[in-house]
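One structure below.
The values are calculated or read from the model by the stated rules, or taken from the named source; none is laboratory data. Only a predicted model underlies this, so the values are computations on that prediction, with no experimental measurement involved. Cβ sites come from the backbone with ideal geometry, for glycine too, and all protein chains shown count toward neighbours. Each accessible area value is taken on the protein alone, full model and side chains, heavy atoms only, with ligands, DNA and RNA left out. Shrake-Rupley method; radii C 1.70, N 1.55, O 1.52, S 1.80 Å.
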Amino acid sequence: MVLLVRLTQILGFARNVMGAKANGIPIGLYFFTQAVNTTEAVQEANYVLNLVKRYGVNVTYPIAIDTETANGGAGRADRLDVATRTAVCKAFCDTIRKAGYTPAIYASRDWFYNNLDMNQLRGYDIWLAHYTGSTAKKTDYKYDYDMWQYTSSGRVNGIVGNVDLNVCYKNY
């Protein structure tokens, strides 16, 4: 498995989870995978679980996997077929669930439609990214979903620049 993590990424992770803990913000995690098979997906899930343990993270929201393209389509997992990509999601999610956490799969509407077999992913939480600009304009995504990222141009006091805004439909 190739899992390259820069020290600045680990320090950013630690800073963010410690800041969330200090401010009473519930924590969920997101992992952008480059796994090309189920063995690597399990290794990546275990890597996330080790970080949770190492930093004492009280994860209350899901731990999500994102299988979308990297580096403009130059990522090592970018050309996986639907069956392999779906198996990667299942292996990651099953490992997270076995450890006692809620797994989720994050992707855009079109990515879910074209790159994953949603019939095999029933039973996992779905975090849908479909930018309609506002919650007043609902998504037309045809499957069930648990969280919806509806814009990437939101504003939050204390944060410089645009942020993604989401709606969660479950109590975690």
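Helix-only estimate, please: 222 nm mean residue ellipticity of the chain, summing -39500 (n - 2.57) across DSSP H runs of length 4 or more and dividing by its residues, to the nearest 500. List each step's numbers first, then the result.
On the way: 4 runs with 57 residues, N = 172.
The helix contribution divided over the chain gives -10500 deg cm²/dmol.
Using a 1.4 angstrom probe on heavy atoms only, work out the carbon and sulfur share of the accessible area of the chain in %. C and S fraction of accessible area: 49 percent.
Computed over protein heavy atoms with a 1.4 Å probe, the accessible surface of the chain works out to 56 Å² per residue. Here the gap between Val167 and Thr135, fully extended at 0.36 nm per residue and compared with their Cα-Cα distance, gives a gain of 10.7 nm. At a Förster distance of 41 Å, what's the computed FRET efficiency of Arg155 paired with Thr39, Cβ-Cβ distance as r, to 0.05? Once rounded, the FRET efficiency stands at 0.50. Against the empirical 2.2 N^0.38 Å (N residues), the chain has a Cα radius of gyration ratio of 1.02. The calculated P(r) of segment 100-141, using every Cα pair and 5 Å bins from 0, goes 5, 21, 28, 22, 13, 9, 2, 0 in percent.
Expected output is a single nm value to one decimal: the length gained when fully extending between Ala22 and Ala70, i.e. 0.36 nm times separation in residues minus the C-alpha distance. What is it? Don't jump to the answer; show the numbers that get you there.
Numbers: separation 48, 0.36 × 48 = 17.28 nm, distance 3.20 nm.
In short, 14.1 nm is gained.
Put a dot 7 Å past the Cα of Tyr30, heading toward its Cβ, do the same for Tyr143, and the two dots end up 1.9 nm apart.
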